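Written below as structure tokens is the structure these notes are about.
The values are calculated or read from the model by the stated rules, or taken from the named source; none is laboratory data. All of these numbers come straight from a predicted model, not from anything done at the bench. Reconstructed Cβ throughout: ideal geometry from the backbone, glycine too, with neighbour counts over all protein chains shown.
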């Protein structure tokens, strides 16, 4: 059982990471208005958020710049147009996917960039490439974290080996990523303990990025928090692909460090998130996402079902289970 | 940490209690069609649900029968019109509120009724009346459970005394009730351990009735399940007052007893629950319910906000915090 005192107090090492533009960008192809992004930045500062992820550093040779908003690419100049010199306590993050980022060229030295943290996303079979990206970004002066995605479909033994390989790199934190929203809190405890053990061995931190397919994103995030996980990803009203993420309003409400402030978060949701939903931008828990979470599958079939406006849930369930 | 084997296996003592008509009835004033109720009953049988709660045994001298559907009152004849002699494994439950039920007259002997279980709902300050109702129902031949509501605003010492008083009655189970949806899973573990200790002393079972104000209803329910709590309340798509309850589709998906079957649950949701939502019947998580959950308040202000179609979240938050 977790210590009661830990729930009333707070741990200074905890970092709240706002991933709204990055994971939320997967919902609207990164077409956020400049006003939205600027207000989100100012809100995060007021709310005491520790990191704001602006989007991906996607390779423009692989992705058509005319088909996505600018936060798919996160050019330094575009970030700087929002944050200036960012003379604040809020740090700036971007995500670089293995195989989808021309990192040697597109990630410039930290001294020339407003970015503080490069978050490297990898699958279990591309760890060596992730390590090359970590070493590149760290050598350029950035903080780095690494997301091993879709771990619910990976072997525990492989994850242990991967963490050990990553422990020997300059990476600052290993992220637990429940890509399919399929992990239950009591399983998450076991995963967190496994990550924490390797992290402690190598002097690293651990993070959690949860999905809400089973309405467990917040529960899993605070479960991890109770296990010593420090980097906590969340988004405004859970905005993110499919069932979305941990709600930042729930997380800020839960944490007790007096620097966190819920009020600006509420204001931003009233003025920017809820109007966007009313315009028809759709994300969040629904039964189709429960199916893919429960069955530990990629959410693609559920996302397609949602986009097509289908209502035949039973038929979707049949389609998913008959894929095997 | 919970035993890994418990998550893969199953415990025969677990009972799934469908509270859709009762807690969901608070959303539509109990105006369910006979077809809906009949199909729900048949679905619960196919799904392996253990108990189906039909509604309240409300006192017709206190509540106008013209202002509520019949499941506010649950006359034995109305239940029998749906279930006949109920020659199935599904047991029938009703709820009786302290102070709102003319139990001496309206609850007839079990031999004359299709009801199996009388669920007595009480606040911490009306335990003696609850005990009288338990003894009355038990003497008439019913199983009984007792819900101590709103425990997040009660003193732990008082709850301990109440459980000890209830332990000496014929009641079958004590229910943990998170009326305001304000309890976090790691707190729920401590609450469950406290209830389990008294229950084990007196040979009773423990149940959990959760609310989804912080999107923790399912997480809290399975947390309790992992602590040895056996009676698990849930409703179809979480239908229930305000933020609603634990989703039965999530719970049935989680449990591993082969008698539980998700497929009829999906069919019922597609054919009866989702169409009801599209007609404008509203429940479930929204940010106004996060406020009351986070602040440990009755959901009334959030329900009124929802009914009025208000969108001024920040103002609502001010109203709630300035109530003190």
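Things to note:
- Single residue of segment A:218-230 satisfying the filter (facing chain B (nearest Cβ under 9 Å) and touching a strand residue (DSSP E or B) at 6+ places or on another chain (Cβ under 9 Å)) that is farthest from residue A:25 (Cα to Cα): A:223
- Checklist (1) facing chain B (nearest Cβ under 9 Å); (2) under 24 Å from residue A:298 (Cβ atoms) applied to residue A:233, failing item: (1)
- The residue of segment B:275-300 that is farthest from residue A:286 (Cα to Cα), among those that are part of a helix (DSSP H, G or I) and more than 21 Å from the chain's Cα centre (by Cα), is B:291.
- In segment B:191-225, residue surrounded by the fewest Cβ atoms within 10 Å (Cβ to Cβ) [restricted to those that are part of a loop (DSSP other than H, G, I, E, B) and within 19 Å of the chain's Cα centre (by Cα)]: B:204
- Matching residues, segment B:164-190, being more than 11 Å from every other protein chain (Cβ to nearest Cβ), assigned to a helix (DSSP H, G or I) and touching a strand residue (DSSP E or B) at 6+ places or on another chain (Cβ under 9 Å): B:166, B:167
- Index of the failed condition, residue B:153 passing every other in (1) surrounded by fewer than 18 Cβ atoms within 10 Å (Cβ to Cβ); (2) within 14 Å of chain A (Cβ to nearest Cβ); (3) in contact (Cβ under 8 Å) with a residue 40 or more places away in the chain: (2)
- Subset of segment A:254-268 [part of a helix (DSSP H, G or I) and within 19 Å of the chain's Cα centre (by Cα)]: A:254, A:265
- If you check A:289, A:305 for being touching a residue at least 24 places away in the same chain (Cβ under 8 Å) and at negative phi, only one passes: A:289.
- Counting only residues that are under 19 Å from the mean Cα position of the chain (by Cα), under 18 Å from residue A:118 (Cβ atoms) and surrounded by fewer than 20 Cβ atoms within 10 Å (Cβ to Cβ), segment A:5-59 holds 1 of them.
- Matching residues, segment A:301-324, being surrounded by 15 or more Cβ atoms within 10 Å (Cβ to Cβ), more than 23 Å from the chain's Cα centre (by Cα) and under 22 Å from residue A:28 (Cβ atoms): A:305
- Filter pass, residue A:288 being touching a helix residue (DSSP H, G or I) at 6+ places or on another chain (Cβ under 6 Å) and facing another protein chain (nearest Cβ under 9 Å): no
- The set of residues from segment B:228-253 being free of Cβ contacts under 8 Å to residues at least 60 places away in the same chain and not in a helix (DSSP H, G or I) comprises B:228, B:229, B:246, B:247.
- Test: residue B:317 is within 11 Å of chain A (Cβ to nearest Cβ), out of contact with any strand residue (DSSP E or B) (no Cβ under 9 Å at 6 or more places or on another chain) and farther than 15 Å from residue B:180 by Cβ: yes
- When A:6, A:66 are checked against the criterion of being out of contact with any strand residue (DSSP E or B) (no Cβ under 7 Å at 6 or more places or on another chain), modelled with pLDDT of 95 or more and more than 24 Å from residue A:139 (Cβ to Cβ), a single residue qualifies: A:66.
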